[in-house]
1. With 10 angstrom as the radius, rank 6, 209, 170, 215 by how many other C-beta atoms surround their C-beta, starting from the fewest.
2. Tabulate in residue order the Karplus-calculated ³J(HN,Hα) for the stretch 111-120, using 6.51 cos²θ - 1.76 cosθ + 1.60 with θ = phi - 60°, rounded to whole Hz; enter x for Gly and Pro.
3. What residue among 16, 58, 171 shows peak mean-square fluctuation when the chain is described by a Gaussian network model with Cα springs under 10 Å?
4. Using 7 Å Cα-to-Cβ label points, what is the residue 164/residue 222 separation (nm, one decimal)?
5. In debye, nearest 20: dipole of the stretch 23-145 around its Cα centre with unit charges on the Cβ of K, R (+) and D, E (-)?
6. Net charge near residue 208, counting Lys/Arg +1 and Asp/Glu -1 over other residues with Cβ under 12 Å of its Cβ?
7. How many nm separate the modelled label positions at residue 188 and residue 108, each set 7 Å beyond the Cα in the direction of the Cβ?
8. Run the quick spin-label model on residue 19 and residue 6: label points 7 Å from Cα toward the beta carbon, then report their separation in nm to one decimal.
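Each reported figure results from applying straightforward, stated rules to the coordinates on display, with no laboratory input. Because the structure is a prediction, the values reported are computed rather than measured. Neighbour counts are summed over all protein chains in view; Cβ atoms, including those assigned to glycine, are modelled from backbone coordinates with ideal geometry.
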Amino acid sequence: MGPKGMRVGGVVLGVALVTAVLVIYIASYLVGNTPAVRATTKPGSPRDVSLYIQTVAAVGPKLAPHPDWVSYLIRDHGRWVRSTVWTLPANATVHVTILNYDGASGLRNPFLGQPQGLVGPELVDGKEIKAFPPGQPSHTFAVPELGILVPVAPVADDAKNPCDVAPCTMAQAHRTITFTFKTGKKGHYRWQCFVPCAAGYIQGFGGPMQTIGYMDGFLNVV
Ligand SMILES: [Cu+2]
């Protein structure tokens with residue numbers, strides 16, 4: 001092979017390698033990582049649905065290939081499932097309960113400590129919270145396109161009976177966050193956590209913070 005042939009071969013190999021890396025990244029981090037879970041509908045009122053969620057410090061070996069990653073879980077037919085892609089009806093009222101078992105991480109931007117875009121207040125253990133101190137939230141549930149932002153209150157560091165590995169039980173230390181929002185028109189809306197909660201990654205924003213199925217997901221509004 002002459003020098004030109006080698007150059008062409010090198011370019012072809014390089015392109016093939018970059019393509020393979022991109023395909024692996026897209027397949028394992030951005031799409032298809034978790035199955036879509038349909039919100040529970042109230043009998044007789046299809047536009048009144050609920051989501052029952054857990055946020056955990058470590059998802060554990062039973063639920064994920066990354067057992068020590070921080071994660072969102074959702075209740076589906078009586079089981080905790082690691083999915084962050086949730087199907088909701090359009091123009092629906094969504095009642096959300098988040099059981100948080102994780103400690104405080106804190107926000108970079110204090111503005112994100114204020115609940116926004118909800119129908120009625122955000123309640124933490126039954127009490128209305130108008131704004132969280134920036135050092136407090138464990139996570140956020142944020143849907144930027146719908147203007148929704150919900151900071152998630154933390155479990156105290158010295159709480160008794162903490163949950164180290166998911167799925168966690170009601171007997172373990174947790175905070176209960178409840179709120180309601182409206183879905184509006186059909187669409188595919190990204191949601192994500194804005195707290196740099198990915199321990200062990202640069203600036204807390206790598207790994208589970210950039211992977212669908214942990215701290216990011218989609219609302220399929222249909
Ligand atoms: Cu988070």
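1. The most exposed by this proxy come first: 170, 6, 209, 215.
2. Couplings: 4, 6, x, 10, x, 9, x, 9, 9, x Hz.
3. Maximum among the listed residues: 16.
4. Output for this residue pair reads 4.0 nm.
5. 220
6. So the surrounding residues net to -2.
7. 2.7
8. Spacing of the two 7 Å Cα→Cβ label points: 2.4 nm.
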